[in-house]
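Asks: I'd like to ask you about the structure that follows.
The values are calculated or read from the model by the stated rules, or taken from the named source; none is laboratory data. Just so you know, these numbers come straight off a predicted model, no measurement behind them. Positions of Cβ are generated from backbone atoms using ideal geometry, with glycine treated the same way; all protein chains shown enter the neighbour counts.
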Amino acid sequence: MIIFPAVDMRGGRCVRLLQGQAEQETVYDQDPLAVALRWQKEGASWLHLVDLDGAFASGNENRTIAKHIFKALQIPVQFGGGIREMKDVEECLAAGAARVILGTAAVRDPELLAAVVQRYKDQIVVGVDVRNGKVATQGWNQVERLEVGSFLNTLREVGVERVIHTDISRDGMLVGPNLDATRQLAEESRLKIIASGGVSCLEDLQHIRSLEPCGVEGVVVGKALYERRFSLAEALALMLLPTA
């Protein structure tokens, strides 16, 4: 199972939010590139990079920083936030992103989604952000009248192979992941799932790892690392232990 350390950028800084609320921000570092390089040095095999300003539709200044990160790292980066047109996808992949995350655009623009998936296939991952069983968009500020299960079925039909499932109510809260919902979505959708939201301890990672046979292939870890609940080295070592 892949551990994805998260670097969320807002105003050019590395931050974390509580449940996606812009007013609930904690700044962890002034230099996202330095943080990304640290996670690579500590053994990460992938980086999860998000432009929160782009997700909130308040600008894309962080994209320049993202491009520096793509070039500086030797590990692959999956990048999202403000990806709403084909030119955004083209720009980020050309700059060195290994994968591009579509969020709001995947919901609001099905024609774009189909075209992007047809052209770039497994370089596209869809961020499925969920609040009370419904899909949220616009940096989690807008909850759509769209059931998550129905949306995942649509994604599979279009040809999407992989999604990042975030339970918004748990993101940044350090209360544990929503294992039941993650398992259900993986089993019913038959998509590759990257779990996100709520990881607080190594035991949480063990529980998520137990879902690997269901199709859960990775987990995004953010605040637990920044708050030193465990180290990246400890998380990676756990993934190497034999399963029960």
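Asks: Within the set of pairs 6 or more residues apart or between chains, which connect a residue that is farther than 24 Å from residue 100 by Cα inside region 191-212 to a residue that is assigned to a strand (DSSP E or B) and at pLDDT 95 or above with Cβ atoms less than 7 Å apart?
Replies: Hits for this filter: 205/219.
Asks: Assigned to a loop (DSSP other than H, G, I, E, B) and in contact (Cβ under 8 Å) with a residue 60 or more places away in the chain: does that describe residue 44?
Replies: Numbers: assigned to a loop (DSSP other than H, G, I, E, B): yes; in contact (Cβ under 8 Å) with a residue 60 or more places away in the chain: yes.
When the stated conditions are applied, residue 44 passes them.
Asks: Then there is this: Identify all residues within region 65-83 that are at pLDDT below 95 and of a type in the set (Val, Ile, Thr); write none if there are none.
Replies: 83
Asks: Could you tell me which of the residues 243, 182 is outside any strand (DSSP E or B), among the hydroxyl-bearing types (Ser, Thr, Tyr) and under 24 Å from residue 99 (Cα atoms)? Break it down stepwise before answering.
Replies: On the way: 243 fails: under 24 Å from residue 99 (Cα atoms).
After ruling out the rest, the residue left standing is 182.
Asks: Out of everything in region 125-153 that is touching a Phe, Trp or Tyr at 6+ places or on another chain (Cβ under 8 Å) and not small (Gly, Ala, Ser), what residue ends up being modelled with the highest pLDDT? Explain how you work it out, then say what you get.
Replies: Filtering region 125-153 down to residues touching a Phe, Trp or Tyr at 6+ places or on another chain (Cβ under 8 Å) leaves 128-129, 131, 135, 138-139, 141.
Still in the list and also not small (Gly, Ala, Ser): 128-129, 131, 135, 138, 141.
Working: 128: 91, 129: 86, 131: 81, 135: 85, 138: 66, 141: 60.
Among those residues, the one meeting the criterion is 128.
Asks: Can you tell me how many residues within region 47-69 are surrounded by fewer than 21 Cβ atoms within 10 Å (Cβ to Cβ) and not basic (Lys, Arg)?
Replies: Residues that pass the stated criteria total 9.
Asks: Still on this model: Just to verify a result, which residue in region 16-38, among those that are modelled with pLDDT of 90 or more, out of contact with any helix residue (DSSP H, G or I) (no Cβ under 7 Å at 6 or more places or on another chain) and hydrophobic (A, V, I, L, M, F, W, C), is surrounded by the most Cβ atoms within 10 Å (Cβ to Cβ)?
Replies: Among those that are modelled with pLDDT of 90 or more, out of contact with any helix residue (DSSP H, G or I) (no Cβ under 7 Å at 6 or more places or on another chain) and hydrophobic (A, V, I, L, M, F, W, C), it is 35.
Asks: Out of the residues in region 87-101 meeting the condition of being of a type in the set (A, V, I, L, M) and within 17 Å of the chain's Cα centre (by Cα), tell me which one is surrounded by the most Cβ atoms within 10 Å (Cβ to Cβ).
Replies: Narrowing region 87-101 to residues of a type in the set (A, V, I, L, M): 89, 93-95, 97-98, 100-101.
Going one step further and asking which of them are within 17 Å of the chain's Cα centre (by Cα), we end up with 89, 93, 97-98, 100-101.
Working: 89: 22, 93: 18, 97: 23, 98: 18, 100: 21, 101: 26.
Among those residues, the one meeting the criterion is 101.
Asks: Just wondering, is there one or more residues in region 200-207 that are surrounded by 20 or more Cβ atoms within 10 Å (Cβ to Cβ) and over 29 Å from residue 116 (Cα atoms)?
Replies: Step one: of region 200-207, the residues surrounded by 20 or more Cβ atoms within 10 Å (Cβ to Cβ) are 204-205.
From the residues that got through so far, the ones that are over 29 Å from residue 116 (Cα atoms) too are 204-205.
Yes, region 200-207 contains at least one residue that is surrounded by 20 or more Cβ atoms within 10 Å (Cβ to Cβ) and over 29 Å from residue 116 (Cα atoms).
Asks: Being acidic (Asp, Glu) and touching a residue at least 12 places away in the same chain (Cβ under 8 Å) narrows it down to one residue among 111, 90, 25; which is it? Working first, answer last.
Replies: Details: 111 fails: touching a residue at least 12 places away in the same chain (Cβ under 8 Å); 90 fails: touching a residue at least 12 places away in the same chain (Cβ under 8 Å).
After applying the criteria, what remains is 25.
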